[in-house]
């Protein structure tokens, strides 16, 4: 899935991840730690070579020993709590052949946290103050269990608490700076650019840029395709070459690039609208409120989003957006004319600068030979300028269809704002 | 995390999962296969004991041999495509010591799919028609790569394609029935009930039911907590005892149970409304269209959902829902009075049977001492009966807040429909 033209040379330290937790293996919880850690490590020029999930308990020792036999860096998540099945720190002590030493200052810190929350500390908490001999303690402002780093000649093991709200800040604020410092000589500068691309398939992107990037120099190109869109990632040791490749990508892909970095489409739209002091209104049929919901996921969207309609029924398109019954009768609800009328109606009623409308057939039923499931029309109306419409077929499972249609709708707003 | 009162005895076949894919280890894609498979296997009385992610390529052979040394069932996801890094079928052939045999009928099937989509098949597709000697082929109506089952005296390996849209139906329709048949003698009857509970914490649920279930007999109780809600799962070998425990749960938790089984809240609402031939309208402020979007995720929701408003601005609450400016001035946008007026306005304009309204402060900014971030008011208006309002504080990250508020709003509709 990653087309490595060039494998960046600094990827030579082997990293493995061990996720502990019976809940992962019972399917009660999705493992989001791997994603988070892998993306962060990638930015450091490190790759996760192997990941394993094991239940709480003795399997952790075995998994840790196994990983230590191969890897320079092993990251273990979970099992640092106070109960009997939380044995990650014992497992690390055993795997590294170290004693566990009681650190009274850790227990004092935990006691202070309990006291602030007006809770009574029980004696099980003492387990969290045990540290493998020679280990480094990572502060946990968001919970009681501290993180730990244990190392020997060959391997560094980083033990992190399981809850994402504790793991993520600890990783960013403690473990990552520690790693950067510890391996300063082994982590040469690495530069990365990500482009988010809509309306162009992975192979088309590849054809447009890959050979040309190859000609620039040692740059690794990665693709990540999702329904309807693709991320393109450049990575390499030379900032100048990455910059040149980025310029090439911009030239070749133009306004198909909706974001650089990790901004989402809705974040881009809200940012552009706020900067331009423009308001956006939505008139949704088949997306059913998803476009509005995505916009309002972004903090401060209330500055640029004031009115949205979900006119699911034909009648609603008339009563709420002022669409003419004759128009609806003549062209049907799923038509360019309806998308146009919805957008223009929403623009007028909301007194907005831009209004986007979506009408289509999400399925699984409701399609005809002439208007199949997946057919969708978009309309974009502007205070200044003509209303534009777009027809696409985004046939796919219902929720994927809705997502893809919402993405196109937001992209049309982005283009109208650019 | 699972409070095992009793570990069901039929969990004696060891299952391991191998997820292949460089994109998993680069953090580009979240592994949702483990969740899906583990939950499904749990219903069969099987637990995943270990899961490993390995990159595309030779690591698959080693991981497969390693898993085969321990497990009776090994499930491998991904790597069945046509390109050079898709080597799962080769890895299985090697690990089982089998030759790969060309199956022309598979290639004919793939050719037919290409032809239907008016695409030209290339010769790489031939790889997908190779089957380890003695292997069973699993049909893939949603893609080109067939699934495969290979077995020896000790281990059954089930190879599934990576895309979730291909894996899931293949698992449900092909692999699972095959497993049930193959291990009919080893999979004693197992009974499972899941209850989805809103408005009650995990520990409260536990206090209300756990000791009483223990008294009934050998039943394993599992909890899965998510923001604002919890799933309770009963599992055991005796149908009668599970039935008695389920009755107990229903008595103890009452209408806090919003679903039995794996139905989502929006599915429950759409099902109840369709059955009662009632229509539902939404008037959203802080949830920003999420309630409407969740309803319209459900097929056939157009039968019961016709009108939705996202009145994010105060003005929209007046112009679209007919709220009196004096009311808004007196009580503010985040108030029970506004929630009531929004719900009643939506009910009237949509001529609906039930309308739900949500207004609150999603944050991160906009809170005051009197009305802090997280404060949210709900209103439910009915064609017959009085409008009800509810005040909650759901302070959390913006998207979590929106989700929890949408869940409560849908639950209020569910209760109004019950």
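For a footprinting-style exposure proxy, rank A:378, A:183 by other Cβ within 10 Å, fewest first. Show your work: numbers first, answer last.
Numbers: A:378 26, A:183 16.
So the ranking, lowest neighbour count to highest, is A:183, A:378.
Shielding of B:277-289 by partners, i.e. mean partner chain Cβ atoms within 10 Å per residue?
Values: counts 0, 0, 1, 0, 3, 2, 0, 6, 2, 2, 4, 13, 17.
Mean partner shielding for this stretch: 4.
Which percent of the Cα-Cα distances in region A:191-260 go past 13 Å?
Working: 1409 of 2415 pairs.
The share of Cα pairs beyond 13 Å in region A:191-260 comes to 58 percent.
Sticking with the crude label model, points 7 Å out along Cα→Cβ, report the distance from residue B:260 to residue A:113 in nm, one decimal please.
If labels sit at residue B:260 and residue A:113, their model points lie 4.1 nm apart.
Within 10 Å of each Cβ in A:306-319, how many Cβ atoms from other chains are there, averaged over the peptide? The partial results should precede the final answer.
Details: counts 7, 9, 11, 9, 15, 4, 11, 6, 1, 4, 7, 0, 0, 4.
Partner Cβ neighbours, averaged per residue: 6.
Would you calculate the volume per residue, in Å³, of the smallest convex hull containing every Cα atom of the protein assembly as shown?
Values: hull volume 149.6 nm³, N = 836.
Expressed per residue, the convex hull around the Cα atoms of the protein assembly as shown is 179 Å³.
What is the packing order of peptides B:16-24, A:148-156, A:117-125, taking the mean over residues of other C-beta atoms within 10 Å and listing the highest first?
Details: B:16-24: 25.1, A:148-156: 17.1, A:117-125: 10.0.
Order by mean packing, descending: B:16-24, A:148-156, A:117-125.
Going by the rotation axis that takes chain B to chain A, pick out the residue of B with the closest C-beta and quote the gap in whole Å.
B:289, 1
I want the antiparallel fraction of DSSP beta bridges within region B:191-260, as a percent rounded to 5. Please list the in-between numbers first.
Values: 18 of 18 bridges.
Rounded to the nearest five, the antiparallel share is 100 percent.
Along Cα-to-Cβ, 7 Å out, sits the label point; list in nm, shortest first, how far the one on residue B:303 is from those in the other copies.
Spelled out, the distances from residue B:303's label point are 4.6 nm.
Normalise the Debye intensity by I(0) for region B:265-417, one equal point scatterer per Cα, no solvent, then take log10 at q = 0.09 Å⁻¹ and round to two decimals.
Each listed q corresponds, in turn, to -0.24.
For chain A, calculate the relative contact order in percent as a whole number, restricting contacts to Cα pairs under 8 Å that are 6 or more residues apart.
Numbers: 806 pairs, mean separation 47.1, N = 418.
Value for chain A: 11 percent.
Within 10 Å of each residue's Cβ, count the other Cβ atoms and sort A:382, B:204 from fewest upward.
Working: A:382 18, B:204 14.
The fewest-first ordering by Cβ neighbours comes to B:204, A:382.
Any chance you could give the angle, 0 to 90 degrees and rounded to 10, that helix B:202-216 forms with the longest Cα principal axis of chain B?
Tilt of helix B:202-216: around 60 degrees.
So what's the angle, to the nearest 10 degrees on a 0 to 90 scale, between helix B:336-350 and the longest Cα principal axis of chain B?
Long axis of B:336-350 versus the principal axis of chain B: about 70 degrees.
What are the label-to-label distances in nm, one decimal and shortest first, from residue A:383 to the same spot in the other copies, with labels 7 Å along Cα to Cβ?
Once sorted, the set of distances for residue A:383 reads 4.1 nm.
Can you compute the helix-only [θ] at 222 nm over chain B? Use -39500 (n - 2.57) per DSSP H run of at least 4 residues, normalise by all residues, nearest 500 deg cm²/dmol. Each step should come with its number before you reach the end.
Values: 15 runs with 157 residues, N = 418.
Taking each H run of at least 4 residues, the total per residue is -11000 deg cm²/dmol.
If each of residue A:369 and residue B:102 carries a label point 7 Å out from its Cα toward its Cβ, how far apart are those two points in nm?
4.0 nm
Compute the acute angle (0 to 90°) between the alpha-carbon long axis of helix B:265-276 and the principal axis of greatest extent of the alpha-carbon atoms of chain B; round to the nearest 10°.
70 degrees
Measuring from a point 7 Å out along Cα→Cβ, what nm distances, shortest first, does residue B:108 have to its partners in the other copies?
Here residue B:108 shows inter-copy label distances of 8.0 nm.
Quick one: length gained pulling residue A:172 to residue A:415 fully straight, 0.36 nm per residue minus the C-alpha distance?
Numbers: separation 243, 0.36 × 243 = 87.48 nm, distance 3.45 nm.
Net length gain for the segment: 84.0 nm.
Quick one: of the DSSP bridges fully inside the protein assembly as shown, what percent are antiparallel, nearest 5?
On the way: 90 of 140 bridges.
Within the protein assembly as shown, antiparallel bridges account for around 65 percent of the total.
When you look at the Cβ of every residue in A:43-52, what mean number of other chain Cβ atoms sits within 10 Å?
Whole-number average of other-chain Cβ neighbours for A:43-52 is 4.
Can you sort A:300, A:103, B:33, A:262 from fewest to most other Cβ atoms within 10 Å of each residue's own Cβ? If you can, show how the numbers build up before the last one.
Details: A:300 13, A:103 16, B:33 24, A:262 10.
Fewest-to-most ranking of A:300, A:103, B:33, A:262: A:262, A:300, A:103, B:33.
Throughout, read-outs are computed from the coordinates displayed, never taken from laboratory work. The model shown is predicted, which means the values in this text are computed figures rather than measured ones. Methodologically, a virtual Cβ is constructed for each residue, glycine included, from the backbone with ideal geometry; neighbour enumeration extends over all protein chains shown.
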